[in-house]
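Chemist: Following this message is one structure expressed as structure tokens.
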Amino acid sequence: MKKTLVSILIPYKNTAPYLRECLQSILEQTHTPWEVLAINDHSTDESESVVRSFAERDSRILMHRNTGQGIIAALRLAYAHSTGSFITRMDSDDIMKPHKLETMVKALNQNGPGHVAVGQVQYFSHRGISNGYARYESWLNALTQRGTNYTEIYKECVIPSPCWLLYRQDLERIGAFAPYRYPEDYDLTFRCYAAGFTCIPCAEVLHLWRDYDTRTSRTSEHYAQNYFLDIKLHYFLQLDHDPARPLVVWGAGYKGKSIAKALLKKGIAFSWVCDNPKKIGKKIYGQEMLAFSHLSGVQKAQSLITVANEKAQQQIKEYFKKRGKRAMHDYFFFC
């Protein structure tokens, strides 16, 4: 049976030290055919020379220069030049496991359109991985193992940007890379969720995710916390908010304040609760802070939880469980 062509979209900018490992890991894939659309996003180092050295030896590696600015413009250009029936994205500083494409292609072929093939990830770094990244990796992989990625979509991005595979027709259906909204990987994830695409469970690590100080997600303003909060609220209001139900914001830290400020700007009514006695009874942005006891008088509310403490989150889950409330219907964890 003829194998399906996979288009691998790779924006790159100043990743010369890592590109060889990245491209070599693609050359070693057990699945063929594939094509690489490598887009130089205005690199000032030797990145383009590295890619060219591979392209000269392998005609499947195609080079272009970004005519716009940034990752989204680069992805649009790569996609415009792609010809595969399956589409994926790769980060230029990461490494594919040899069976990555084969595993994801098999999963999509078995399940058909309307599905997203995903894989587990493993962070690596010359200096070791921080506790925060280790916890994120563990959380993300647990969701991927069960295929329950969307159940916690308002916490963080639940489909890793360089470890998904979609039918071209499905990517087209959700607008591909047309939206100009950062973080672009989180936006794509929400659009998959909105379209009802099912994440296919995967028990294997397929992607090695490199961490270092100058990686884009650490240095670009487009991946700052406020961008994540904006995109969460944007899609919550579009996909899961019921205007007929009271809305409650939990927590008065940075995230709680950011969500409250955005809701006020949009003219959306809400109650705001916290457990800080120094804040209860006072007004922030003209909105009175209420004690949790206020909740007993609110019927059929939808709650946005911005409380980050894990122990407190577990207590909140127990609170809702005792009252027969459902996650992703009655309450949503925004951190």
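The numbers here are math on the coordinates, done by the rules we state, and not lab data. Everything numeric here is computed off the predicted structure, so don't read it as measured data. Glycine also receives a Cβ, built like all others from the backbone with ideal geometry; neighbour counts cover every protein chain displayed.
Chemist: Give the relative contact order (percent, whole number) for the chain; include only Cα pairs under 8 Å separated by 6+ residues.
Modeler: Value for the chain: 15 percent.
Chemist: Provide T151, T15 in ascending order of the number of other Cβ atoms located within 10 Å of each residue's Cβ, fewest first.
Modeler: Arranged by neighbour count, lowest to highest, T151, T15 become T151, T15.
Chemist: Still on this structure, please answer the following. Would you mind calculating the gained length between K3 and Q69 on full extension (0.36 nm times residue separation, minus the Cα-Cα distance), in nm to one decimal?
Modeler: 20.3 nm
Chemist: In what sequence do I268, I280, I95 fall when counting other Cβ within 10 Å, fewest first?
Modeler: I268, I280, I95
Chemist: For the pair K322/E46, report the inter-label distance in nm, with labels modelled 7 Å from Cα in the Cβ direction.
Modeler: Inter-label distance under the simple model: 6.4 nm.
Chemist: Per DSSP helix of 4 or more residues, -39500 (n - 2.57); summed, then divided by the residues of the chain. What does that give at 222 nm, rounded to the nearest 500?
Modeler: When only DSSP H runs of four or more count, the value is -11000 deg cm²/dmol.
Chemist: Here's another thing I want to ask about it. Percent antiparallel among DSSP beta bridges with both residues in the chain, to the nearest 5?
Modeler: Approximately 20 percent, going by the DSSP bridge assignments.
Chemist: Modelled label-to-label distance, Q238 and V298, 7 Å Cα→beta-carbon offset: nm?
Modeler: Spacing of the two 7 Å Cα→Cβ label points: 2.5 nm.
Chemist: I want to check the label-to-label distance for K265 and H126. Put each point 7 Å from Cα in the C-beta direction and report it in nm to one decimal.
Modeler: Label-label distance for K265 and H126, simple model: 4.0 nm.
Chemist: Quick one: length gained pulling E156 to D330 fully straight, 0.36 nm per residue minus the C-alpha distance?
Modeler: 60.8 nm
Chemist: Within 10 Å of each residue's Cβ, count the other Cβ atoms and sort F236, F292 from fewest upward.
Modeler: Final ranking by Cβ density, sparse to dense: F292, F236.
Chemist: In whole Å, how far is the Cα centre of the stretch 1-64 from that of the stretch 307-335?
Modeler: Centre-to-centre (Cα) distance: 43 Å.
Chemist: Set the bar at 22 Å for Cα to Cα. Now go through K257/K322; K257/K282; K232/K317; K266/K322; K106/K155; K282/K322 and name every pair that lies beyond it.
Modeler: Going by Cα-Cα distance, K257/K322; K266/K322; K106/K155; K282/K322 fall outside the 22 Å limit.
Chemist: Under a point-charge model restricted to the Cβ atoms of Lys and Arg (+1) and Asp and Glu (-1), what is the dipole moment magnitude of the stretch 241-333 relative to its Cα centre, in debye to the nearest 20?
Modeler: Rounded to the nearest 20 debye, it is 100 debye.
Chemist: Take the Cα of Q110, step 7 Å along the line toward its Cβ, and report every residue of the stretch 8-44 whose backbone nitrogen sits under 20 Å from that point.
Modeler: Within reach of a label on Q110: 30-33.
Chemist: Continuing with the same structure: In degrees between 0 and 90, to the nearest 10, how far off the longest principal axis of the chain does helix 225-235 point, with axes built from Cα atoms?
Modeler: 80 degrees
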